[in-house]
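K.L.:
The structure's right below; bear with me while I get my questions together.
Here, each number is a calculation from the coordinates, and none is a lab measurement. The structure presented is a predicted model; accordingly, all values stated were derived computationally and were not measured. Cβ placement follows ideal geometry from the backbone for every residue including glycine, while neighbour counts extend to all protein chains displayed.
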Amino acid sequence: MPTIVFASPKGGVGKSTSAVILATQIAAKGASVTLIDADPNKPISRWASLPGVPETLTVIADVTEEGVIDAIEEAAARSAFVIVDLEGTASMMVGYAVSTADLVIVPTQGSALDAAEAVRAIRLVRNMEKATRGASIPAAILFTRTSAAIRPRSLAAIAAEFAEHGVPVIATQMHEREAFRAVFAYGGTLSDLDRGQVSNVDTALRNARAFAAEVIGMLPAAGAAAPEREVA
Ligand SMILES: Nc1ncnc2c1ncn2[C@@H]1O[C@H](COP(=O)(O)OP(=O)(O)OP(=O)(O)O)[C@@H](O)[C@H]1O
Ligand SMILES: [Mg+2]
């Protein structure tokens, strides 16, 4: 079923964090999710080695460049959702994973320098579309680590620039929240976090739910034929 790929050549923009938050939110609703850790640094596998991984979530690690497409296809055949986390680089692995995607999410922090890296990721997606001569691969920008309180003008300007170039921006931003980091420290999901130890867990949960709902709304309807999808 639908495959969501997190990709950006820039390291540290929030791919793994957003991938785990999305996967756990979807799994918490009872849907089967396979999370493919296609980053040789294995951040997701480390999270999965901690307690609290939802029952409906399977993590697959040790994916090689040669095996990544097969791993995604096998996961898509048995799970309602497949989410792929990639290394912060441009590689064949990234290209292969992108070629299978129903949606590529490109996380970026809100600076112009980061946005330039996000543009590189979008170009990679466009090139994969051409290389595979397949259907279009929808891609969208996700702003991460933004302030919930302040909306800087620079961020609005960057968002407007993406819009001008026809690159969709996910309206929900992944705000800077301790709770999103804490999931990697303690394992499990946002809901499992100890509210006495971690601040603003419920605010982070609302953020995560809005993000998951918006992403699911962007996916092709389950069971739909695979026609020419709207170009992102
Ligand atoms: N929304 C967020 N709120 C708070 N901290 C965040 C958020 N997103 C990411 N971080 C922190 O930013 C750092 C980088 O995040 P993450 O590892 O998810 O990025 P990445 O894009 O997967 O990096 P890489 O390219 O190295 O795989 C981590 O320390 C993570 O805890
Ligand atoms: Mg990562």
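K.L.:
Under unit Cβ charges (Lys, Arg +1; Asp, Glu -1), what dipole magnitude, rounded to 20 debye, does segment 1-156 have relative to its Cα centre?
P.N.:
Details: 14 positive and 15 negative charges, 160 e Å.
Dipole about the Cα centre, nearest 20: 760 debye.
K.L.:
While we're looking at this one, here's another question. Test of understanding: extend the Cα→C-beta vector of Asn200 to 7 Å, then name every residue of segment 152-179 with backbone N under 19 Å from that spot.
P.N.:
What the label zone holds, given the 19 Å backbone N cut-off, is 152-156, 171-179.
K.L.:
Please report, to one decimal in angstroms, the Kirkwood hydrodynamic radius of segment 25-141 built from all distinct Cα-Cα pairs. Display every interim value, and only then the final one.
P.N.:
Values: mean 1/r = 0.0663 Å⁻¹.
Every distinct Cα pair counted, the radius reaches 15.1 Å.
K.L.:
OK, next. For segment 113-149, which trypsin sites (Lys or Arg not before Pro) are in a loop by DSSP, counting at most 12 other Cβ atoms within 10 Å?
P.N.:
Working: sites: Arg120, Arg123, Arg126, Lys130, Arg133, Arg145; in loops: Arg133.
The qualifying sites are Arg133.
K.L.:
Something else now. 7 Å from Cα along Cα→Cβ at both Arg126 and Thr146: what's the point-to-point distance in nm?
P.N.:
2.3
K.L.:
Right, another one. Given the peptides 155-168, 18-31, 86-99, 46-59, arrange them by the average over their residues of other C-beta atoms within 10 Å, most packed first. Walk me through the numbers before you get to the answer.
P.N.:
On the way: 155-168: 14.4, 18-31: 22.3, 86-99: 20.1, 46-59: 16.9.
For the peptides 155-168, 18-31, 86-99, 46-59, the packing ranking is 18-31, 86-99, 46-59, 155-168.
K.L.:
Under the rule of at least 5 residues apart or a separate chain, name every residue whose amide H is placed under 5 Å from the amide H of Val104.
P.N.:
For Val104, whose amide H was placed from the backbone, the distant partners under 5 Å are Val5, Ala139, Ala140.
K.L.:
If amide hydrogens are placed 1.01 Å from N in the peptide plane, which non-local residues have theirs closer than 5 Å to the one on Glu176?
P.N.:
Arg145, Thr146, Ser147, Ala148
K.L.:
If you average 1/r over every pair of different alpha-carbon atoms in the chain and take one over that average, what Kirkwood value in Å do you get?
P.N.:
Working: mean 1/r = 0.0568 Å⁻¹.
Here the Kirkwood hydrodynamic radius works out to 17.6 Å.
K.L.:
Between Arg153 and Glu176, what is the spin-label point distance in nm, taking each point 7 Å from the Cα along the Cα→C-beta axis?
P.N.:
Between Arg153 and Glu176, the simple spin-label model gives 2.0 nm.
K.L.:
Give the lysines reachable from Lys130 as a straight Cα distance under 25 Å; neighbours fewer than 8 places away on the same chain don't count.
P.N.:
Lys10, Lys15
K.L.:
Give me the net charge of Ser91's neighbourhood, meaning all other residues with Cβ under 12 Å from the Cβ of Ser91; Lys, Arg count +1, Asp, Glu -1. The partial results should precede the final answer.
P.N.:
On the way: positive: none; negative: Asp39, Glu65, Glu87.
Counting the neighbours of Ser91, the net charge comes to -3.
K.L.:
Evaluated at 37 °C with a viscosity of 0.692 mPa s, what Stokes-Einstein diffusion coefficient in µm²/s does segment 47-87 have when Rh comes from the Kirkwood expression over alpha-carbon pairs? If you can, show how the numbers build up before the last one.
P.N.:
Working: Rh = 11.5 Å.
Calculated translational D: 286 µm²/s.
K.L.:
In deg cm²/dmol, rounded to 500, what helix-only [θ] at 222 nm does the chain give when every DSSP H run of at least 4 residues adds -39500 (n - 2.57) and the total is split over its residues?
P.N.:
On the way: 8 runs with 99 residues, N = 232.
So the helix-based figure for the chain works out to -13500 deg cm²/dmol.
K.L.:
Can you give the FRET efficiency to the nearest 0.05 for Ile69 and His165, using r as the Cβ-Cβ distance and R₀ = 30 Å? Don't jump to the answer; show the numbers that get you there.
P.N.:
Numbers: r = 29 Å, r/R0 = 0.96.
For R0 = 30 Å, the calculated efficiency reads 0.55.
K.L.:
Just to be sure I understand the model, the point goes 7 Å from the Cα along the line to the Cβ. What's the resulting Arg209 to Ser49 distance in nm?
P.N.:
About 3.3 nm separates the two model spin labels.
K.L.:
How big is segment 112-232 by the Kirkwood estimate over distinct Cα pairs, in Å? Numbers along the way, then the final one.
P.N.:
Details: mean 1/r = 0.0604 Å⁻¹.
Roughly 16.6 Å, rounded to one decimal.
K.L.:
Divide the volume of the convex hull of the Cα atoms of segment 142-205 by its number of residues and quote the answer in cubic angstrom per residue. It would help to have the intermediate numbers written out before the result.
P.N.:
Numbers: hull volume 5.6 nm³, N = 64.
So the per-residue hull volume is 87 Å³.
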